[in-house]
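> Here it is, the structure in full.
The values are calculated or read from the model by the stated rules, or taken from the named source; none is laboratory data. Only a predicted model underlies this, so the values are computations on that prediction, with no experimental measurement involved. Virtual Cβ from ideal backbone geometry, glycine too; neighbours counted across all protein chains shown. Ligands, DNA and RNA are excluded from the accessible area calculation, which covers all protein heavy atoms including side chains. Shrake-Rupley method; radii C 1.70, N 1.55, O 1.52, S 1.80 Å.
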Amino acid sequence: MRFPRGRRRLAVAVAALLATAVVAVIVHRVLAPAEVSTVARADYPAPARPAAGVVGRLPVAPLIVDERLRVYAAHRQVYADQPVDGRHRTSPYWSYRRWPAELAAVVASGATVVSRWSDGDLVALDARTGGVRWRSDGPEPAESSTVVRRTGAATVWDPRGLQLTELPDGRTVLVVTGDGQARGVEVSDGRELWRAELPGGCRSDIGSTASGQLIGLDTCAGAATVEFRDAATGAVRERWRPPGGPDELVVTPLGCRTGRSDCLGLRTAGPGDAGGRGWLLGAGSPVAAPALDQAGATLIGEQAVVVRDGVAVGRSARTGAELWRSAGLGAARVLAGQPGRVHLLTEANDLVTLDPLTGRELSRFVLNVGSDGTGWAPGAVAAEDGFVAVERLRKPVDPTGDDRRYYYTGETVILAAT
């Protein structure tokens, strides 16, 4: 039986419309923005208290959260595992994934993990469950020259454009900076406190202070100037230059609680480290701290620690008075610091942890796991909650090499308890 020509054309048209509709549905399901939240099914773990020594090795960089979890960054995912002292990465305790946005940065305050995405969205997760606590829009991240390699260390250990700081009244503020704008967000509930317009590429973030200010470096009007912005209101409280300092400044935050957040000091220098000077930060103008003048000096609390000719020296950062000396380290370097601990790495890749106030040795062991050996160079480092995590790089270090050439092994991050 043959259909009349008109009906045949109608049937073809209907079939074409149905096919188009099916394709549209498929495309929508594949390409539409989506998020997948997989919450925790197990109980929140207790804080870990492992003995001093190497805990294990990981393929990705861990952000230690609330002394209980390790949080990791993937291309479009933030996820956690536990226990915090597990020898290897385990199945996710919880996971949060978005698409097509890319994960740009992660910070943590207590049991709150805040993720920033390429579309500017902020998503705060409850570390105890992985559930979403709040969402907020924010400025899209500014373009960065930072290379994000497969460990994700740049995303969780040096989260550009995200700074945490404590206000005098006890609140924690997240300052988000992007292309042309900054916003202050209260970490507890995601409430926006303020917005401020920023100049373009002539201004950069330095970090945040422990007294509730965002530190920026402004080169828009000639000589470089350090800017202190109130994290509670967004108002610029002070614009400062080191007396007699060069027009071009390199500013390095010191004594930060984590990443570039809650910093206690900074170091200013000219090109090529000319005229380096250390400063302590507080509610007023920076105060000169000559004990921090030397490149490589580390600030832990109010103690400055530096290694010179195989001897670690601790001084009062405020007065410069020598507090202690620890000899016999050889060609060591200060690797990292955290409250109550300063970590040094010897030429043989021994991790030596000292009390920054007294110089007393708290622990010492070789940073080796399995049969990996110690023939590696240290890369990015993070120290938090008594743990130290170090990227291990292949010698000689090739900054332009691909990840296989750049990293020492597949599980390149070594995690130690101190």
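> Based on the mean of other Cβ atoms within 10 Å per residue, sort peptides 94-107, 184-197 so the most packed one is first.
94-107, 184-197
> Looking at the chain as a GNM with Cα springs under 10 Å, which of VAL84, VAL55, VAL311 has the largest mean-square fluctuation?
Of VAL84, VAL55, VAL311, the Gaussian network model singles out VAL311 as fluctuating most.
> Also, quick follow-up: Would you list the P(r) distribution for region 157-300, with all Cα-Cα distances sorted into 5 Å bins from 0 and each bin expressed as a whole %?
Whole-percent P(r) values from 0 Å outward: 2, 11, 20, 24, 21, 13, 7, 2, 0.
> Report the residue, chosen from PRO339, PRO47, PRO396, that carries the largest GNM mean-square fluctuation when the chain is represented by alpha-carbon nodes joined by springs under 10 Å.
PRO396
> How far apart, in nm, are the 7 Å Cα→Cβ label points at ASP43 and ARG135?
Output for this residue pair reads 3.3 nm.
> Taking all protein chains as present, what is the carbon and sulfur share of the accessible area of region 267-346, in % to the nearest whole number, probe 1.4 Å?
Its accessible area is 50 percent carbon and sulfur atoms.
> Just need the relative contact order of region 77-143 here, percent rounded to a whole number, with Cα pairs under 8 Å and 6+ apart.
Over region 77-143, the number comes to 22 percent.
> Could you order ASP169, ASP273 by accessible surface area, starting with the largest, using a probe radius of 1.4 Å?
ASP169, ASP273
> With just the Cα atoms of region 267-418, tell me how far they stretch along each of the three principal axes, in Å, largest first.
Largest to smallest, the principal-axis extents are 47, 36, 30 Å.
> Short version: ³J(HN,Hα) in whole Hz for each residue of region 105-112, in order, from phi by Karplus 6.51 cos²θ - 1.76 cosθ + 1.60 (θ = phi - 60°), x for Gly and Pro, what are they?
Ordered by residue, 3J(HN,Hα) equals 6, 9, 9, 9, 9, x, 9, 10 Hz.
> Also, quick follow-up: At 1.4 Å probe size, put TYR44, TYR407 in order of accessible surface, largest to smallest.
The residues order as TYR44, TYR407, largest area first.
> Among GLY216, ALA231, VAL251, whose Cα projects farthest towards the positive end of the dipole of region 206-251, with charges put on the beta-carbon of Lys, Arg (+1) and Asp, Glu (-1)?
ALA231
> Now for a separate question. Using only protein heavy atoms and a 1.4 Å probe, report how much of HIS88 is accessible, in Å² to the nearest 10.
80
> Under the Kirkwood approximation for Rh and a Cα-based Rg, what ratio Rg/Rh is obtained for region 96-153? Kindly include the intermediate steps, with their values, before the conclusion.
Working: Rg = 11.8 Å, Rh = 12.2 Å.
Ratio of gyration radius to Kirkwood radius: 0.97.
> Next question. Going by alpha carbons, how many degrees (0 to 90, nearest 10) lie between the helix axis of 5-31 and the longest principal axis of the chain?
Its long axis makes an angle of about 10 degrees.
> Based on the alpha-carbon gyration tensor of region 184-249, what equivalent-ellipsoid semi-axes (square roots of 5 times the eigenvalues) come out, in whole Å, largest first?
Taking √(5λ) for each Cα gyration eigenvalue gives 25, 13, 9 Å.
> Percent relative contact order of the chain, based on C-alpha pairs within less than 8 angstrom and at least six residues apart?
Computed value for the chain: 11 percent relative contact order.
> OK, next. Only four residue types carry charge here, +1 at the Cβ of Lys and Arg and -1 at the Cβ of Asp and Glu. Report the dipole size of the chain about the Cα centre in Debye, rounded to the nearest 20.
Rounded to the nearest 20 debye, it is 1820 debye.
> Report the convex hull volume per residue for the chain, counting only C-alpha atoms, in Å³.
Cα convex hull per residue, to the nearest whole number: 203 Å³.
> Residues of region 134-158 with the amide nitrogen closer than 20 Å to a label point 7 Å from the Cα of THR219, along Cα-to-Cβ, please.
Those under the cut-off are 142-147.
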